[in-house]
Structure formats: C-alpha cells, structure tokens
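Notes for the one structure printed next.
The values are calculated or read from the model by the stated rules, or taken from the named source; none is laboratory data. Please read all numbers here as calculations on a predicted model, not as lab measurements. Please note: Cβ atoms are built from the backbone with ideal geometry, for glycine as well, and neighbour counts cover all protein chains shown. Keep in mind that these areas ignore ligands, DNA and RNA; they rest on the heavy atoms of the full protein, side chains included. Shrake-Rupley method; radii C 1.70, N 1.55, O 1.52, S 1.80 Å.
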Amino acid sequence: MIKTFIDKLLGKKSGSSAGRSKNRFGKRVDVPVSVHGIDPELVDKRASDVVRTLKQAGFEAYIVGGAVRDLLLGLRPKDFDVATNATPEQVKNLFRRAFIIGKRFRIVHVVYGRGREHEVIEVSTFRAYLDNAAAERVAGNEKTSKAQLAGMQHAVDASGRVLRDNVWGPQDEDATRRDFTVNAMYYDPETQVVVDFHKGIEDAKKKVLRMIGDPATRYREDPVRIIRAVRFAAKLSQRGFRLDAKTAGPLVESEHLLGDVPQSRLFDEMLKLLQTGHAMASIEQLKALGLAKGIYPLLDVVVERAGNPFVQAALADTDRRVGEGKTVAPSFLLACVLWQDVKTGWEQRMQRQHAFPALQDAIDDVFDKRIGDVSGRGKLAADMREIWVMQPRFEKRSGSTPHGMVAHLRFRAGFDFLRLRADVGEVEEQLADWWQKFQLADDARREDMIEQVREEQRARQRKTQTARRAPKSGAAEAAEPSASQPAAAARTKPKTPREPEGSFEHIEVGDPPAAAKKRRRRRRKPGGPQEGEGGRANDSQD
C-alpha cells in the first residue's frame, strides 16, 4: 500500500495498471467487415439466435474459436461455440432446452431440434487468466482426488496440469487463456465486428499457427494441446498453414505429460484426429513432428498400419464421408484397424476350437489388448463385434440368411466393411456386388437371386461328382492309392481348420457351433448293380 502511494507521488502507474499497459492480455482491436470480409450467410442461424438472446438479456456474447477462424477462411463451420460474460446458471435460465455439463470446465449446451436433426450450440463463460502457481494443488488426478476437488474452482495436479478452471473473468483474459491466436477471436453476428486481442487475423493471413504465451508452459497446463496442435496443423495444412517454430519446438519433449491425462479423454482426442475429415493428413503430421509413437497406444497402431491397403482405404473412406457431410462411426474405423488382429487370433484358435467360439474369443482378446477401459466401450464393442461376426455370414447366400442379414440394424456397416475388403482383394468383388444388388432388390428379385445361387451350387456339386466318377488313366492311375488305403479317404480332401469362412456356413450369430453332420454310407445289397451297370467303381472299401 505504501509502495502504491509512493508510485502515485512519483507519477508511476500501479503494478496492475503497468501490467495492463504492457498488454499482458493483448490489445483489443475491433475489426470491421470491410477488413475481415466474413460472409454472414455462412453463420448458423441458431448460433446467431443464442448471441441475440444473451445480448437482449443484457450480457455480452460472441461466436468464438474455430468457427471464427473458418469464417475468415470462407469455410462454413461444422460447429459453433458462443462465449459470454453470463454465468452457466444465467445462460441455462434463458433457454428452454439448455444443460450445464462438465466439471473441469463448466459449460452450457443449448439444444435446437430433435433426433438426428438436432444441433448443439456450446456456450462458455469468459474465464479469468490465473497463475497456476497460485492454484490449489492436489496430489492425485480427477478420480483419486474427486472428493478434494469438489469445492475447488481453480486446481492443478503435481505436474501443473489444470484440473479445475471455473473462475470467471473479463474478455481479454478469456482470450489469453485460449490456445492459438487464430482460435482466440470473437465475432458479433449483429454488428459483424471481429474482436481480436492477439493478432489472430494477422496470423490467419500469414497462415501461421501460433500458441498464445509460452508453448511449453501451455502444454504443461493442458497436455491435450499437443494433440490439438497436430489436429489443427493437419486440418489447415491443405490451406497452406504451418506450425510456428516456437509452437512446434516443445511438442516432443512435452509428450510424456500425456501419461497423466485420463484414458477416456485421450481416446476422444484420438477420434477427433481420425474423424474430422483429415485422418491421412493427421497421420502425416504425427510422423513429421516426431509424434508417431507415444501419444496413445491405439493411435500408435493406427499410425503403424496406415500403409496397410485395407486400413488406408478405411481412413480415406472416412475422410470422404466427412467431406460429403455424412456421418461416421468410430466403431467402423476401429473395426478396420483391428481386423488384422481379429483374423490372426481367429485362425490360431480354429486349430483347436469351432469357428464361432474361436471368433468370439479372438474378439474378446483384441478388446482387452487394444481398446482397454474407456468410456462408452460397451456400445463401441457391441458395434465392432457385429461388424466382424457378419463377415463370414456374407459367404452364405441361401435359405433365410440373406433376408435376415439385410434386416440387421448394423447391416450397412457390415456391408461397407465387406466392400472395403473386396476393394483390396481380400474377398471376391463378385460377392460384394451380389450383396449390393440384393439389398436394393424387391422381394421377387431377391428370391430369384437366391435361387440362382442355389443353381450355381448344384452345378458345382454335379461337376465335382462327375470329376470323381471319371475313369483315371496314365499318370492318374499311377497316383491311385494302394489297396490298403481307404479309397474314400483318398478321394476326399480333408478340410483344414484355417478356412473360417467355409466353417461358418451354417452358423447364425449368437448360436453355438453345430456339430458336424455324419455322412451315412448305404450298404450294398447282395445282387445289386455291378460295375458298369449303374454302380461306382472303387466304391467298396472291402
């Protein structure tokens, strides 16, 4: 207090004012539409409605983050976030369908529409920029220190990772605590003004991804920013963006910090890397930045197998679907990535087990080794299992199986999986084409297709029987088994257990494997037909 009085006498500014004068939290610049050029037609009407409702209630409100960055680039954002000085409770009270979520960061989801057509506008409150050295500390993590964290608003663990950040503050501090300069801009859809504190528009024009503040410190505060840096670099690389050298420098040395992040959060971040339309570019960025291994075990597998034709086709197909605005499911992509493990385990078990339990055991083993204990594993595992179990059933195209297959809830995912297998030559293209036509055909046409398959099977059986009855001569006779060998055994090639597709022909999903049907041999009656009179030569084993 005395120092403040002396500073005033000498004409000096107080410590807080001096800090502000040095623009610790950036200098606010209001950029008009004539400069930034954002097309208001690209702005989601529901996001504008949220901003308008908050402003009419007397609060500040802006579209914020990646949506503003994309609008500056002339892109239509897929998601819109809103930032305001209203608290989560105040936001919730202004909207009919709004829900407060999160513990580490409390935010509000404002929901519009229902079913598949619904959209969520995420609303966050301006947060204060706090010195983590002054935050309350806990020895454990979110799980082990749950009771201790219950009453805390700002807390960190022993490594400096922020576990709670729910202290509200002014807009300039909120901008400073965001990660990249191009993600720290605010857009008012009513006035069409962009508020910029850290030269984000300038960096967007230079096509540079720059971390706000000291990158190493920011990665320590939240190690997931390492993955976000890779994701943004991959997404914007097609636009010519690159990571700033100071931002990229500490990435590798900070990677070990991800070991303290909950597995479920890493799993979600991995899916964002692979399912935002830039999977192939993300893998290239991971390799280029020296992060190909060590972020997350399952991601290591994806990067390792990205050159495999089947996995590569799955990644490219995922990017294509996202680009076309179609939905993508993590179960499908992960089923493609781990199919190699399932097949290997299945083939090994087929040597000592029946087909169906062998496949189920192989799947269980893959889940335990590769997926682990992550949030939502139950549904994820169920969907992946159904995709895998369908594959051998596609081989059976007779009876009621085809009708049951196309009526299955996960048929489309299973068929898309089969189509990718056909594209890389793992199964015949003809099989995938048949199922493509069958699912689109009417009932009469479907019956014709099934009957045609029956006729083809009968034709193959007749051809096989004819070949068996044909008299052998020359070299064929020399290769004939001796009289001491059973002729029937010499004619019949033993079925190897390493042919799972054939073994699955009569097994339905969920049924135990049926016992092999014994072939009954008719005993020849005395005085029956002799060789050359309707009987088979070499048919007797006596």
For a quick check: with amide H placed at 1.01 Å from N, whose amide H comes under 5 Å from Asn85's, ignoring anything fewer than 5 positions away on the same chain?
Glu60, Phe126
Rounded to whole Hz and in sequence order, give me ³J(HN,Hα) for the range 350-364 from the Karplus expression 6.51 cos²θ - 1.76 cosθ + 1.60, θ = phi - 60°, writing x for Gly and Pro.
4, 6, 9, 10, 6, 4, 5, x, 5, 5, 4, 5, 4, 5, 4
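Counting other Cβ atoms within 10 Å, keep those with at most 13, restrict to DSSP loop, and tell me which trypsin sites (Lys or Arg not before Pro) in the range 333-366 are left.
Passing both the DSSP loop test and the Cβ count: Arg352.
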On the full set of protein chains, 1.4 Å probe, figure out the accessible area of Lys437 and give it in Å² to the nearest 10.
130
Apply 1/(1 + (r/R0)^6) to the Cβ-Cβ distance of Ser400 and Phe99, taking R0 = 56 Å, and write down the FRET efficiency to the nearest 0.05.
0.80
Treating only Lys and Arg (+1) and Asp and Glu (-1) as charged, each at its beta carbon, one finds that the range 178-331 has a dipole about its Cα centre, in Debye to the nearest 20, of 380
Vicinal HN-Hα couplings computed from phi for the range 232-237 (Karplus, 6.51 cos²θ - 1.76 cosθ + 1.60; Hz; Gly/Pro x)
5, 4, 5, 4, 9, 4
Would you mind classifying the range 413-461 by shape? Square roots of the alpha carbon gyration tensor eigenvalues, ordered a ≥ b ≥ c; an a/c under 1.5 is rounded, otherwise it is prolate if a/b is larger than b/c and oblate if not.
oblate
Within-13-Å neighbourhood charge of Lys45 [Cβ basis; K, R +1; D, E -1]:
-2
Sorted by chain and then number, the residues having a modelled amide H within less than 5 Å of the amide H of Val193, at least 5 places away or on another chain, are Asp188
Loop only per DSSP, at most 11 neighbouring Cβ atoms within 10 Å: give me the chymotrypsin sites (Phe, Trp or Tyr not before Pro) in the range 364-463, ordered by residue number.
none
How large is ³J(HN,Hα) for each residue in the range 319-332, as worked out from phi by the Karplus curve 6.51 cos²θ - 1.76 cosθ + 1.60 (θ = phi - 60°), to whole Hz, x for Gly and Pro?
4, 5, 5, 4, x, 8, x, 8, 6, 10, 10, x, 4, 5
